1. Kindly provide the set of residues from region 205-254 that are open to solvent by less than 30 Å² (accessible area, probe 1.4 Å), part of a helix (DSSP H, G or I) and either basic (Lys, Arg) or farther than 30 Å from Leu104 by Cα (or both), ordered by number.
2. (1) of a type in the set (Gly, Ala, Ser); (2) touching a Lys or Arg at 6+ places or on another chain (Cβ under 7 Å); (3) open to solvent by 20 Å² or more (accessible area, probe 1.4 Å): which one isn't true of Ser71, the others all being true?
3. In region 70-83, is there at least one residue being within 15 Å of the chain's Cα centre (by Cα), touching a residue at least 40 places away in the same chain (Cβ under 8 Å) and under 21 Å from Ile238 (Cα atoms)?
4. Among the residues of region 303-324, write down those that are more than 14 Å from Tyr9 (Cα to Cα) and at pLDDT 80 or above.
5. Can you tell me which residue is modelled with the highest pLDDT among those in region 325-374 that are of a type in the set (Val, Ile, Thr) and more than 25 Å from Phe184 (Cα to Cα)?
6. Looking at this structure, is Phe85 in a helix (DSSP H, G or I) and either modelled with pLDDT under 90 or of a type in the set (Val, Ile, Thr) (or both)?
7. Restricting the search to region 332-360, which residues are closer than 18 Å to Phe129 by Cα and open to solvent by 60 Å² or more (accessible area, probe 1.4 Å)?
8. Does Phe173 satisfy the condition of being closer than 26 Å to Ile77 by Cβ and either part of a helix (DSSP H, G or I) or in contact (Cβ under 8 Å) with a residue 12 or more places away in the chain (or both)?
Amino acid sequence: MSQLKTLDYTAIILYMIMMSGIGIFLGRFVKNINDYFKGGSGVSWLAGGISNFMTKFSTFIFVAYAGIAYSDGLVAITVLWSTIFPSLIAVFFFAKRWKRAGILSPVEFLETRYNAPIRQIFSWSGVAFKLLDDMIKLYSIGLFVTAASGIPFETAVIGCGIVVTLYTVVGGFWAVIVTDVVQFVILFFATLILVPLAYHAAGGFEHMQAVIPQNMTWFNGKKGMPLFLIAYYVLIIIRYSGNWTFIQRFYSAKNETDGQKLALLSSVLFFIFPVIFLFPPLAARVILPKLANPEMAYVSLCLKLLPEGIMGLMIAAMFAATMSVLSAEYNVTASVLTRDIYQRVFRPNASGKESLLVGRLMTLLVGFIVTVGALFVGGFGGAFEANKLLAGVFAVPMIVPVIFGILLRKPQPWGALATLFLGTLLGFVLNMNKAISWEVATLVEIAFCTVLFIVSGFFPSKDIAYNTKVNAFFHKLTVPFVAEADNTDQDVFKDAIKLMYGIAFGLTGLMFVIMGFPSLRMLSGQLALGAGILCLVLAYVLWSRARKVTVIIKEEAPTKTTISQH
């Protein structure tokens, strides 16, 4: 039976409409494939950093990590803090390199670094991996929403899939960035409403310490063991560093400095927000001590503490968490399909107009495949087993040649292929052997792939053309990127973005005010009202600063209105 009321459904519907509207509005500014897949290299470090944080944040946090927080306590935060280090490493090693590479997709450089066949192999295999991974993410949010609200699983999956696909197809990369920022605000305020309620219901820290002393330590349980943490931290560093959306944020930044700033901002967000997001399930162990399924700690606590309307906002926040991830994945996967497969193999001379159309069609295709596939993930053992198989078998062998390929000059093309195929085979064998622990299997696979790839560099190629090409590529990575100065069209676009943020934050503020008003005598209603007022103030500031965009509202945007291409 559904746990949601009319106000809750209203909040969810308004949220979906707002996300779709953002994509449609921003679609008018997308004039070429550069705009569509990298925002014309015009993404600020602030928006890029928030987007980078949101694209690594999904309902998985509110299910799997919440389950760890409920069962084992603060160690869930210790585990989630593994996400800090990929961004810190990027500040020093990757941010400048990805910007200087001058690419439009995350695997485009592989042809120059290795050869054309490797670019195609990693493109096709990477797309397949992304599609399967996104199916699991969409499947997970379907399960969560169904458990939280009683909405049919198929309805949750198809509804979320359609909305994400719609605004990503129309608005491209800018729709991804802007919706990420808006969804961050919704998620942040919705969670902040729950935190003080959970703190009060749990009786404060002293009472929690008395009731669940073992859970108030940072290394409790199996996931607090050194071997597990080492394996998990190393795996996250590799997976995030080679994640296509992670890479995309750096080559889409305005300049090298902005790329480093957004990485630093991401690491700060990854440090602060796990504490905020995982406190409620930690407190739930005191408030609801006999939950049959720890992974339902978040939703169970919400149903107990949140009144009508605000519960709908929390469900919308859950949608926001996964939709941010999916929209980014759809866009970057479509960039590979368009740039590395369609243009490179089938239509090398495709016009800009044709490429943009194909980019949108590819995004639509990705969204369709993921939405349909998500309906059948349960037949493969569910989200956890499917994700474990994907991560354990395919992720590391596919990523090592990418991240080390842009760092190291000597490793050879055959080393990249051997790492992919032999590493995948080893991963399959290790993960199928029940006698080998996950930690050991993970560390062995990582060590094998890394050593094999590096060893290939001890057998240098005698191909003069190849060596010349690779030397030129690595020389390019030493040359600082020089950004073009902003022009009038860019100023107009910036005002359009400010206006879009203003409208979105205004609508978000109204949602919080309206949903909190019926519960105004309760703390939750007062917190919702306060969050709504803050959003409205921010909306007014952004709206008042957007001056030039009135020209665009009254007239059609001129065809030249775009963002500078680099």
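1. Across region 205-254, the qualifying residues are Met208, Asn215, Gly224, Phe228, Leu229, Ala231, Arg249.
2. Going through (1) of a type in the set (Gly, Ala, Ser); (2) touching a Lys or Arg at 6+ places or on another chain (Cβ under 7 Å); (3) open to solvent by 20 Å² or more (accessible area, probe 1.4 Å) one by one, Ser71 breaks only (2).
3. For region 70-83, residues within 15 Å of the chain's Cα centre (by Cα), touching a residue at least 40 places away in the same chain (Cβ under 8 Å) and under 21 Å from Ile238 (Cα atoms): present.
4. Of everything in region 303-324, those that are more than 14 Å from Tyr9 (Cα to Cα) and at pLDDT 80 or above turn out to be Leu303, Lys304, Leu305, Leu306.
5. The selected residue is Ile369.
6. no
7. Residue satisfying the conditions is Arg339 alone.
8. Spelling it out, it is not the case that Phe173 is closer than 26 Å to Ile77 by Cβ and either part of a helix (DSSP H, G or I) or in contact (Cβ under 8 Å) with a residue 12 or more places away in the chain (or both).
The values are calculated or read from the model by the stated rules, or taken from the named source; none is laboratory data. All values reported here derive from a predicted model rather than from experimental measurement. FYI the Cβ positions are ideal-geometry reconstructions off the backbone, even for glycines, and counts take in every protein chain you see. Remember, those area values only see protein heavy atoms, side chains included, never the ligands or the DNA or RNA. Shrake-Rupley method; radii C 1.70, N 1.55, O 1.52, S 1.80 Å.
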